[in-house]
1. Given all pairs of different Cα atoms, what value in angstroms does the Kirkwood hydrodynamic radius of the chain take?
2. For the chain, what is the calculated [θ] at 222 nm in deg cm²/dmol (nearest 500), taking -39500 (n - 2.57) for each run of four or more DSSP H residues and dividing by its residue count?
3. Mind giving me the nanometre distance, one decimal, between the label points for residue 81 and residue 323, set 7 Å out from Cα along Cα→Cβ?
4. Give me the one-decimal nm value for the distance between modelled label points at residue 335 and residue 389, 7 Å along each residue's Cα-to-Cβ direction.
5. Work out the FRET efficiency for residue 147 and residue 47 from their Cβ-Cβ distance, taking R0 = 41 Å, and round it to the nearest 0.05.
6. Which angle from 0 to 90°, rounded to the nearest 10, does the C-alpha axis of helix 373-385 make with the longest principal axis of the chain?
7. How large is Rg/Rh for segment 238-319, to two decimals, with Cα atoms and a Kirkwood Rh?
8. Rank the residues 325, 99 as a footprinting-exposure proxy: fewest other Cβ atoms within 10 Å of their Cβ go first.
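All of the numbers you see were taken from the coordinates with simple rules; none came from a lab. None of the values given here were measured: they were computed from a predicted structure. Glycine also receives a Cβ, built like all others from the backbone with ideal geometry; neighbour counts cover every protein chain displayed.
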Ligand code: HEC
Ligand code: HEC
Ligand code: HEC
Ligand code: HEC
């Protein structure tokens, strides 16, 4: 898990992308001659080893070329290729390949004019493994909550046509290439925060299924979410925790639903996260506020608790059910939460807190869906000012410093509305 977290943090630095150079597709056509041997004159890879670039977002192509050049994305073949390109060259070849449709047709663009006599792309060979395209599509469209896999469709779009410019199109890509990249994200050799998180939870079988889906997305019929019943089990002793929880009720509610908006609800929060917070409050007491999570009120509460008590309290509150919220949805908050803001280097919150705000238990990412908005706002402000600094590797602090007051208000309201069932 350390490794996953570490790669996530590394990835945060790489969020930004968009080039300041405007690409010229006509100039790019000339410069792309050196790429043709592998990526085809029309951006259709000559063999399954070489990814298709046709119709890929230009911003994404530039971002990858820069990453190859800087050695952030490692590939012995592409490193020297990218090394030879200036920023302007990159913008030009990106504009050129982006001017095609995903299947390598010239998209009525006047500048690019894909060579009509270019040899037809070799049809992707049928994969040798036995994988189920339908299972792949199910993972793609619905993810798998029980295993912390975010649905890919939220970022890469229906059948792999993404509308967010730094999220690559996957449609018409070679299945083998997709699988190779997923494995690289999984083992951390290719670094990107959301993808390391998502791929880290994929099994090799999942990856094969997803590859099979991309052999021919049109051939796979509609799929339905498989309903997963997650039976909760807890490390701590729920009953013993309940007995201890009486002193917490005044602020957090007897069942963990806080009635006053400045106090956090604890019901349904991840057990591991709750335990970490209690230990962090205690650590602040023990270290004279040098480390841990500093809060005058909670300091008094945790002082008399043993580690055993804290385990049991965490189990008790995690076992409770959070009430549905009545907060209204917020469009600006939603946009930041789901897509982040590449220009300002803000990672999408959903990469860690998941699309539905349920967090990722195993990675220590808390549930924020349905939490009191006033509390959420106060925490983002504390992460931003450094008053709260108990997040591993400054994961939240790095993001919060980039948020304006308006961002924080919008985000807090949106997150609070996430379990509004009405
Ligand atoms: C000798 C073969 C070869 C040549 C020539 C070549 N590439 Fe590549 N390219 C590759 C391979 C292999 C990969 C996949 C690397 C990986 O697995 O991460 C790749 C990946 C890429 C990617 C990332 C694609 C994605 O979907 O993430 C881009 C962008 C790219 N190449 C652009 C170029 C450009 C522009 C040129 C010409 C200046 C070029 N390549 C020349 C072999 C080549
Ligand atoms: C939170 C948004 C997000 C989610 C969810 C997500 N991805 Fe990605 N994905 C990205 C971004 C951003 C990149 C580009 C990474 C980079 O810049 O190197 C990417 C890159 C990829 C690539 C490499 C593409 C290439 O051309 O090299 C593949 C393959 C991929 N994702 C597959 C998936 C699959 C399969 C899932 C679901 C299991 C998924 N992604 C879920 C954001 C996401
Ligand atoms: C007098 C009111 C009060 C009482 C009683 C109280 N708390 Fe808190 N609790 C707070 C406040 C205020 C915060 C937010 C602190 C901050 O801003 O960092 C908090 C935060 C927390 C958090 C962190 C929640 C999160 O989402 O990060 C946990 C866990 C917690 N309390 C557990 C407990 C437990 C267990 C008890 C009983 C032993 C308890 N609290 C008693 C006021 C109280
Ligand atoms: C790289 C992963 C990551 C990303 C991206 C991320 N978070 Fe977090 N977030 C965390 C972790 C880890 C914690 C818990 C830190 C701790 O251990 O106290 C957290 C805690 C929080 C909390 C405090 C919850 C509580 O109960 O006290 C809020 C609020 C929050 N995040 C909001 C956001 C928002 C809004 C964004 C996007 C702008 C975001 N996060 C992006 C990892 C992330």
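1. Values: mean 1/r = 0.0428 Å⁻¹.
In the chain this quantity evaluates to 23.4 Å.
2. -13000 deg cm²/dmol
3. Here the answer is 5.8 nm between the modelled labels.
4. Calculated label separation equals 3.3 nm.
5. On the way: r = 33 Å, r/R0 = 0.81.
Efficiency, from the Cβ-Cβ distance: 0.80.
6. 70
7. Values: Rg = 11.8 Å, Rh = 12.5 Å.
Over the Cα atoms of segment 238-319, Rg/Rh equals 0.94.
8. Working: 325 20, 99 26.
The most exposed by this proxy come first: 325, 99.
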